[in-house]
Amino acid sequence: MRYSGLRVIREALNGQKGWKPAWRNPEPKPNYDIIVIGGGGHGLATAHYLATKYGEKSIAVVEKGWIGSGNAGRNTTIVRGDYTLPPNTRFYDHSVGLWEKMERELNFNVMHSQRGLLFVHHNDSERDDHYRKTNIMRMQGTDGEILGPEQVRKMYPSMNFDGRFPITGAYLHRRGGTARHDAVVWGYARSADRRGVDILQNCEVMGFRIEQGKVLGIETTRGFIGARKVGVSVAGNTSRVMDMAGIRTPIESHVLQAFVSEGLKPIIPGQVNYGAGHFYISQSDKGGLVMGGDLDQYNSCAQRGNLPVFESVIEAAVTLFPMLSRARLLRAWGGLQDMSMDGHAVIDETPIKGLYLNGGWCYGGFKATPAAGECFAHLLSTEQPHELAKPYRLDRFRTGYLLDEKGQGPNPNRQ
Amino acid sequence: MIINHPLLGPRDRQEFTYLGDACLIDRPDWQAGNAMDQFYEYVYLRDDPAGEHRELWYHEHGDRSWLVVTRNTVTHEITNVELASDVARKQGRSK
Amino acid sequence: MLDLQSITPLWGETPRVDRFNGLTITEVPNRALASLALRRGREDEGRKAAEAMLGLALPAVGKHAAAGSYAASWFAQDQWLISAEIPEHELMSYQLADAVEGLASVTEQTDGWCRFDLEGACRGVFERLSGVNLAAMEPGSATRALLEHLSCVIICFETASHYAVLGPRSYAGSLHHALETAARSAL
């Protein structure tokens, strides 16, 4: 069923009786050609591309809870392409381009809003670093420009320019913005489902059936399901799932906290990043301020964080926007990050034939949703890496081709 | 989170800096025949369990000692704290 | 020959004194400071040599000892922060290094630290600035802890009413500001 303004009117006159479920709730078939483990943004985008661009006909997405209940439901909704290493710029720029076309492609409103990403700086060396970064970005064909303090003040008059770390300017990435995180999951789910993909919820993978180095299928809480190929797309839980296949990964699980305030009238027009501490903020269309900061920095699978980071995020919020000191916080939660050894993802085959991995997304998975889906679908269907995914090999840690955008060394908690 | 330092008693998490899995104590022998493989696994691969985890913490804002903490990564409950120097020496490392 | 006068960590010609409602915060410059670290395998000999020179027993974990002109705070395992008032002790670290030669390592620390002594109603200040367990600190104890994001040494002379806070000298302004703000807020 196509969504449109006309349909909204028609259904309003029809007592809303014509709306159909956006996706089915089928029983698992005994086997599929391709199974994607993980019903998040990436897994469902993968299924969408498998069914559309790659013409695959026998696909299932297996999700342990309800779709979008993992990190797709917990992120801070930022979509941006402000990277500097060429492989990253190519990949994320492509992803932003796919976001720009997504709503038309999926016939679904994902509320993608390119409201601009601002990163303020506070001293000469930070400013120089931002000049360097935006020069690199522009040379590679994406947008980034430097603003002086007066230009920043015009955009955000309520920012505190004279605090402990005065604001001396910023860089602006106009194509950056936000999107509704649940909607992208639902949009891809609806598209995949109407093209025959079975979305199997409440279906947790308990193990793999592997014989002579080849995957035969998955053991789940809803029984064994056979497959020719299996793609693992569970970032946050990659280590646990790959452990079931006997594979160790260059990934540590870390918690990243996020916060939402009560609904407020529009006061933060774009997405803002602080230069004197790790903090970022934007405002959702419901009016809540969405904020985040550093990882808690120790291994955790708890999906909740501790007070020190909570305090420092709120401290930064009130330092940057003193007007926020009276606002009330509505929710605080944690997501589970696949922190990799160089801060970037793995989209690759594994030593087990038929088993493929899409993981290690650190805190950058949401913006990568469409491009990761496309690349993983390409890999699963053709068994060859997509051009854009070639740098994200698992063996790059052995061969030395690390994507050390941040230059932090093999320290997952500092990426 | 409170870490019960063996010498100093309970201390706030903020006094510490986290390094990672305590497997880092077992640095491979660089002159071993398969040193390349061993170093690849040592530097880059991790067990990353959901459950009990032995890890290295540095008491940066305290006595600057290194600790091996046994902590559950699901509940964050800490069940054991030892001086890393004791652990390393017990494992035959260090002089 | 120029007559050079030293300035305090807060850039004053005289030490800063701030009075609050029941509390005085005094800047304390002019202390010779050195860290002493016993060398592995020579710990007992090193300790004896240092104690002979200083005239006090090097204190146990979390303790602070003072005798005559010298004081020592436990700093880390087999490490202490030694201090003395400057007038005859400008060359303290050299004298200590000579006394323990080969048995321990001595690092000159004078002017690397700033120190503020708090006398009076101290509790409220520390509660706002540090997670250290102040109630557990008896007279003659020393601990290293975070005070408003700064790595400091806290020495207790009198429980609840007389402490010294040492911090990195380059953070003197920040530390003083933190103490001042907490005092104003608490008192």
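Restricting attention to the range A:1-22, the residues that are farther than 14 Å from A:Asn107 by Cα and either open to solvent by 70 Å² or more (accessible area, probe 1.4 Å) or in a loop (DSSP other than H, G, I, E, B) (or both) total 11. Within the range C:60-79, the residues that satisfy the criterion of being open to solvent by 60 Å² or more (accessible area, probe 1.4 Å) and more than 14 Å from every other protein chain (Cβ to nearest Cβ) are C:Ala66, C:Gly68, C:Ser69.
May I ask you to list the residues in the range A:280-298 that are within 12 Å of chain B (Cβ to nearest Cβ) and in contact (Cβ under 8 Å) with a residue 60 or more places away in the chain? A:Leu295, A:Gln297, A:Tyr298, listed by residue number.
Being open to solvent by less than 20 Å² (accessible area, probe 1.4 Å), aliphatic (A, V, I, L, M) and within 20 Å of C:His64 (Cβ to Cβ) is not true of C:Ala178. Just the residues that are in a loop (DSSP other than H, G, I, E, B) and surrounded by 15 or more Cβ atoms within 10 Å (Cβ to Cβ), please, taken from the range C:9-23. Matches in the range C:9-23: C:Pro9, C:Leu10, C:Pro15, C:Arg16. Looking only at residues of the range B:17-60 that are under 23 Å from C:Leu147 (Cα atoms) and touching a Leu at 6+ places or on another chain (Cβ under 8 Å), we find that the one that is farthest from the other protein chains (Cβ to nearest Cβ) is B:Tyr58.
Per-residue answers, yes or no, for (1) away from chain B (no Cβ under 14 Å); (2) touching a Cys at 6+ places or on another chain (Cβ under 9 Å); (3) over 19 Å from C:Phe157 (Cα atoms); (4) open to solvent by 40 Å² or more (accessible area, probe 1.4 Å):
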position	(1), (2), (3), (4)
C:Ile25	yes, no, no, no
C:Lys48	yes, no, yes, yes
C:Gly55	yes, no, yes, yes
C:Leu58	yes, no, no, no
C:Leu81	no, no, no, no
C:Glu101	yes, no, yes, yes
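Entry remark, the range A:97-116: residues being under 20 Å from A:Lys286 (Cβ atoms), among the aliphatic types (A, V, I, L, M) and open to solvent by less than 60 Å² (accessible area, probe 1.4 Å) number 1 in total.
Conditions tested, residue by residue: (1) within 27 Å of A:Asp342 (Cα to Cα); (2) free of Cβ contacts under 8 Å to residues at least 24 places away in the same chain.
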| residue | (1), (2) |
| --- | --- |
| B:Gln14 | yes, no |
| B:Leu67 | yes, no |
| B:Asn72 | yes, yes |
| B:Ser94 | no, yes |
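Candidates C:Ala32, C:Ala37: the one that is within 30 Å of B:Ser85 (Cα to Cα) and either in contact with a Ser or Thr (Cβ under 9 Å, 6 or more places away or on another chain) or within 14 Å of another protein chain (Cβ to nearest Cβ) (or both) is C:Ala37. Quick one: how many residues across the range C:141-161 are away from chain B (no Cβ under 11 Å), under 16 Å from C:Ser83 (Cβ atoms) and open to solvent by 20 Å² or more (accessible area, probe 1.4 Å)? So the count comes out to 1.
Within the range B:61-95, the residues that satisfy the criterion of being of a type in the set (D, E, K, R) and at the interface with another protein chain (Cβ under 7 Å from one of its Cβ atoms) are B:Asp63, B:Arg64. Cβ-Cβ distances below 9 Å connect the following pairs, each with a first residue in the range A:263-279 that is without any contact (Cβ under 8 Å) to a residue 24 or more places away in the chain, a second residue that is in a strand (DSSP E or B), and a separation of six or more residues or different chains: A:Pro266/A:Gln283. Scanning the range A:211-266 for residues that are acidic (Asp, Glu), open to solvent by 50 Å² or more (accessible area, probe 1.4 Å) and more than 14 Å from chain B (Cβ to nearest Cβ) gives A:Glu211, A:Glu219.
Exactly one residue out of A:Phe397, A:Phe366 is of a type in the set (Phe, Trp, Tyr), within 14 Å of chain B (Cβ to nearest Cβ) and either more than 20 Å from the chain's Cα centre (by Cα) or under 30 Å from B:Asp21 (Cα atoms) (or both): that is A:Phe397.
Conditions (1) outside any loop (DSSP other than H, G, I, E, B); (2) within 27 Å of A:Ser239 (Cα to Cα); (3) among the hydrophobic types (A, V, I, L, M, F, W, C), marked per residue:
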residue	(1), (2), (3)
A:Glu27	no, no, no
A:Tyr32	yes, yes, no
A:His42	yes, yes, no
A:Ala47	yes, yes, yes
A:Leu50	yes, yes, yes
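I'd like the residue in the range B:3-16 that is out of contact with any Gly (no Cβ under 9 Å at 6 or more places or on another chain) and assigned to a strand (DSSP E or B) and, out of all such residues, is farthest from the other protein chains (Cβ to nearest Cβ). Selected residue: B:Asn4. For the range A:163-175, a residue qualifies if it is over 15 Å from A:Val318 (Cβ atoms) and out of contact with any Gly (no Cβ under 9 Å at 6 or more places or on another chain), and exactly one does: A:Pro166. Against the criterion of being in a loop (DSSP other than H, G, I, E, B) and open to solvent by 80 Å² or more (accessible area, probe 1.4 Å), A:Asp143 does not qualify. Within the option set A:Gly81, A:Gly70, being under 19 Å from A:Gln140 (Cα atoms) and of a type in the set (Gly, Ala, Ser) holds for one residue only, A:Gly81.
The values are calculated or read from the model by the stated rules, or taken from the named source; none is laboratory data. Since this is a predicted model, take the numbers as computed values, not measurements. We place every Cβ from the backbone using ideal geometry, glycine too, and count neighbours over all the protein chains shown. Heads up: the accessible areas ignore ligands, DNA and RNA and are worked out on the full protein's heavy atoms, side chains in. Shrake-Rupley method; radii C 1.70, N 1.55, O 1.52, S 1.80 Å.
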